[in-house]
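A.B. asks: Attaching a single structure in C-alpha cells format; questions to follow.
Since every read-out is calculated from the coordinates, none of them should be taken as a lab result. Every value quoted in this text rests on a predicted model; they were computed, and no experiment measured them. With ideal geometry, Cβ positions are generated from the backbone for all residues, glycine too; neighbour counts draw on all protein chains shown.
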Amino acid sequence: MGEQLEMFGDVPKHDLPLLAAAGLDLEPSLDLEVSPPLVLEGQLDLFGDRWLGASAVHAALEVFDLNAARQALAELMRSYPLDEVLCERAQVVAALSRSLASAAQRTRSPARALLALAEEVPNFLAPFWHRRVASLLEQERGLVVADDCGLIGEHWLLAGEATAAERALRAALSLGPDDSRIRAYLGDALAAQGRTAEARIAYRDAFAGAPMEVETARIIDPVVRDLTRIAANEYELPGTPVTWTATLGLLEHVFLPPPSVPADWLEPSVLARLAPGLRFYRFLLAEMHATEPSTRIAYRRELKACSPELLRMWLEQRV
C-alpha cells in the first residue's frame with residue numbers, strides 16, 4: 001500500500017522511492033526528517049494527524065503500556081481501516097492487552113502478570129517487554145531475582161540496557177559468586193559496553209566454573225563464542241567441547257590467567273568430579289604458579305593425562 005506508514009520496523013521496499021522523493025531519512029527510525037519539508041500530492045503527510053498517532057503508539061509501546069497503545073492504534077484504525085500492517089499490529093497489541101488483563105486478575109504483582117505474557121510477546125516488542133519486566137521487578141523485589149521470575153540483569157540485557165544489566169548482575173553475583181550463568185551474562189553486559197578486557201575475565205571465570213550453565217551461542221563477544229567451536233572442530237579433545245573453553249581461552253591467548261589460584265584448587269575430591277577440560281585448566285594454572293621443579297613436573301604429568309596435544313602446545317608456548 002503506497003500510503004502505508006511502517007511504524008514497527010523497516011520501511012517497506014515499495015515505499016522507498018516515494019520516501020526518497022520526499023527527502024526523508026530512509027533509516028528505520030521514528031526520527032524521520034525532511035529538509036526542506038515537502039509533501040507530494042497523494043502522499044502520506046507524516047506531519048499530520050497520522051504521524052502524531054504513530055508517535056503516540058510508539059511512545060506507549062516503548063514503555064509497554066498496552067492500554068495506551070491499544071487506544072492509539074484504535075484511533076489510527078478509524079482513519080486507515082485498510083492499512084494491513086496497522087491492522088496486524090493492532091490485533092497483536094489487543095490480544096496482549098487482553099492477556100495482561102487476565103493475568104492481572106490472578107496475581108497482585110504487576111511484574112508477574114507481565115511475565116505471564118512471555119510466550120505471546122512477538123520479537124518486535126520483546127526489548128520493550130524485557131525493559132518493563134526489569135523495571136517492575138526492581139520496584140517489587142529489589143535488584144536480585146533468581147527464582148521463576150528470572151534474573152533482572154538478564155531482562156535488562158535483553159532490553160539492550162547494558163549499564164543497568166551490569167548493575168543488577170553484580171548485585172546478583174554478590175549473593176552467588178560461583179554462578180557461571182550470571183558471570184556469563186555479566187560478560188555480555190561488559191562486552192556490550194565495549195569493555196572487552198573486563199568482559200573476558202567474566203567469561204573466563206564462567207567457563208572455568210560450570211560451563212554447562214553458560215548459553216554459549218548467545219555470548220556477545222564473537223572470539224569467546226568461537227572457542228567452543230574450536231574445541232569441537234579443531235582439536236581431538238575428550239568429553240563435552242564447552243568444558244574445554246576456559247583452557248583454550250588461555251592457550252589461544254583470548255583469556256588472561258588469573259593472578260592466583262585458591263588453596264583448595266587441586267583438592268582430589270573436587271578434581272574427581274571435574275571434566276578433563278576443567279581438570280586441565282586447573283593443573284595448567286597450578287603449573288604456572290608452581291615454584292618447585294618437582295611440583296611442576298607432577299602437574300605436567302596430570303596435564304598429559306588429560307590431553308597430550310594441549311600439553312605439547314603449552315610447552316611450545318613456554319619456549
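A.B. asks: Taking a virtual spin label 7 Å from the Cα of THR291 along the C-beta vector, which residues in the stretch 222-261 bring their backbone nitrogen under 17 Å of it?
C.D. replies: 259-261
A.B. asks: So if we plug the beta-carbon distance of LEU82 and ARG195 into 1/(1 + (r/R0)^6) with R0 = 35 Å, what FRET efficiency do we get, rounded to 0.05?
C.D. replies: 0.10
A.B. asks: Can you check what the net charge comes to around LEU173, using other residues whose Cβ is under 15 Å from the Cβ of LEU173 (Lys, Arg +1; Asp, Glu -1)?
C.D. replies: Spelling it out: positives minus negatives among the neighbours equals -3.
A.B. asks: Between VAL223 and GLU316, what is the label-point separation in nm under the 7 Å Cα-to-beta-carbon projection?
C.D. replies: 2.0 nm
A.B. asks: Continuing with this model, one more query. Sort the stretch 162-270 into rounded, prolate or oblate with this rule: let a ≥ b ≥ c be the square roots of the eigenvalues of the Cα gyration tensor; rounded if a/c is under 1.5, and if a/c is not under 1.5, prolate when a/b is larger than b/c, oblate otherwise.
C.D. replies: Details: a/c = 1.76, a/b = 1.20, b/c = 1.46.
Oblate is the answer for the stretch 162-270, as a/c is 1.5 or above yet b/c matches or exceeds a/b.
A.B. asks: A follow-up question, please. With a point put 7 Å past each Cα toward its Cβ, work out how far ARG141 is from ARG167 in nm, to one decimal.
C.D. replies: 1.8 nm
A.B. asks: Tell me, TRP156, TRP265, TRP244, TRP314 in order of fewest to most beta-carbon neighbours within 10 Å?
C.D. replies: On the way: TRP156 27, TRP265 14, TRP244 30, TRP314 19.
So the residues, fewest neighbours to most, are TRP265, TRP314, TRP156, TRP244.
A.B. asks: If R₀ is 30 angstrom, what is the calculated FRET efficiency for the pair GLU252 and MET212, using the beta carbon separation as r and rounding to 0.05?
C.D. replies: E between GLU252 and MET212, to the nearest 0.05, is 0.90.
A.B. asks: Based on the mean of other beta carbon atoms within 10 Å per residue, what is the order of 289-302, 227-240, most packed first?
C.D. replies: Per-residue Cβ counts within 10 Å, averaged per peptide and sorted highest first, yield 227-240, 289-302.
A.B. asks: Say R0 is 35 Å: what FRET efficiency, to the nearest 0.05, do ALA95 and ARG273 get from their beta-carbon distance?
C.D. replies: 0.15
A.B. asks: Within the stretch 83-109, find all residues whose amide N lies under 12 Å from a label point positioned 7 Å from the Cα of ALA118 along Cα-to-beta-carbon.
C.D. replies: none
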